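Written out below as C-alpha cells is the structure these notes cover.
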Amino acid sequence: MLSKAVDNISISTYDKEQIGTQFAQAHEWLVKGHNEQNKVVKYVDSLQYSVLFTHAQDTLTNTETMYFLLKKNYYH
C-alpha cells in the first residue's frame, strides 16, 4: 500500500482520497507487523539469535520510517 501511495503522489493529478486510504491501509499493516514482532520479542530470553528476525525488524523499522516521512511530507 505504501508504494502505491508513493506512485499516486508522484502523479500530477493524484486522488487525495485514494492516497489517504492507502496511507491508512499501510498504517494498519505496520500495526499488524509490530503486534507480531511484539509477540516474538516477549519471549526473547528463550529464543536463539536469528539473522532473519533481525532483518525483519530492520525492514519493519525502515518501512515505518518511510511511512512517517512520506505522510508528513504529503500532509504538510
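The values are calculated or read from the model by the stated rules, or taken from the named source; none is laboratory data. The model shown is predicted, which means the values in this text are computed figures rather than measured ones. Cβ: placed from backbone, ideal geometry, glycine included. Neighbour counts: every protein chain shown. Side chains included, ligands, DNA and RNA excluded: accessible areas come from the protein's heavy atoms. Shrake-Rupley method; radii C 1.70, N 1.55, O 1.52, S 1.80 Å.
Here are some notes:
- Whole-Hz couplings from phi, Karplus 6.51/-1.76/1.60, listed for segment 2-11; x for Gly and Pro: 5, 5, 5, 4, 4, 4, 5, 5, 6, 8
- Taken per residue, the accessible surface of the chain reaches 80 Å², heavy atoms only and a 1.4 Å probe.
- Burial ranking of peptide ranges 47-53, 17-23, 59-65 (average Cβ count within 10 Å, highest at the top): 17-23, 59-65, 47-53
- Residue pairs exceeding 29 angstrom between C-alpha atoms, taken from 39/71; 16/42; 32/72: 16/42.
- Protein accessible area in the chain, 1.4 Å probe - carbon and sulfur %: 57 percent
- In whole percents, the pair-distance distribution calculated for the chain from its alpha-carbon pairs, binned every 10 Å from zero, is 17, 42, 23, 14, 4, 0.
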